[in-house]
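Step one of this worksheet: look at the structure below.
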Amino acid sequence: MKKTLLSLALLSSATWAQELQQESDLKFAFYSAAWGENTDDGLRLVANNQSASDVVLEEVLFLKDPAVNSDDVAVAVNLLVPAGAYADIEFDYTDLLADDECIERTMESNWRLAEISNYTLNPSVRNLIIENTDSFRIYQCVETIITRWQVLNDDQSAEATEPETLEKEEWILFHFETRRL
């Protein structure tokens, strides 16, 4: 009986973890020249909708660690991303980096934040050719987010009657690259 309960608990945890890690058809990344450069540049979000329906990315909610008494950070997006296409939008700067020990430690070292995305970054994604791997490294910190979006039917538009808002808890990756020496 105890083995069965333990097996069910492990299976349930593994299933939940797998659902959390499933890749979304809506991929997006945040960029800012302000990260580590002491500028007042804003944020840019680029989204790629790999589904067959138009979507409106409503919000990305960064779930901050309650143990350090920090508030979650909501980024209201409201971006229409057509089916099978890209869309982008710019915002005033919002601090997405605060109250995370991994990010703070990494920013203090010889690392540069390249992007924050809900997909794994690798050199082929960014069209990089790496000839000397001793001089180039990628490092990642992870946080949990909640992504909220709407799927639009063919007969709907962003201004029409609002469809149901969907949400997914997923991981966001903070992608760092080594700085050139």
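The values are calculated or read from the model by the stated rules, or taken from the named source; none is laboratory data. Everything quoted here is computed from the prediction, not taken from an experiment. Note: ideal-geometry Cβ built from the backbone for every residue, glycine included; neighbour counts use all protein chains shown. These accessible areas exclude ligands, DNA and RNA; they are computed on the full protein's heavy atoms, side chains included. Shrake-Rupley method; radii C 1.70, N 1.55, O 1.52, S 1.80 Å.
Kindly indicate whether any position in the stretch 48-60 is assigned to a strand (DSSP E or B), under 14 Å from Glu143 (Cβ atoms) and either out of contact with any helix residue (DSSP H, G or I) (no Cβ under 7 Å at 6 or more places or on another chain) or open to solvent by 40 Å² or more (accessible area, probe 1.4 Å) (or both). Checked the stretch 48-60: at least one residue is assigned to a strand (DSSP E or B), under 14 Å from Glu143 (Cβ atoms) and either out of contact with any helix residue (DSSP H, G or I) (no Cβ under 7 Å at 6 or more places or on another chain) or open to solvent by 40 Å² or more (accessible area, probe 1.4 Å) (or both).
On inspection, Ala34 fails the criterion of being at pLDDT 95 or above and either open to solvent by less than 60 Å² (accessible area, probe 1.4 Å) or farther than 19 Å from Ala98 by Cβ (or both). Given the structure, is Leu63 open to solvent by less than 30 Å² (accessible area, probe 1.4 Å) and under 19 Å from Ile146 (Cα atoms)? No, not satisfied. When the residues of the stretch 74-113 are filtered to those that are farther than 17 Å from Phe28 by Cα and in a strand (DSSP E or B), the one that is most open to solvent (accessible area, probe 1.4 Å) is Arg112.
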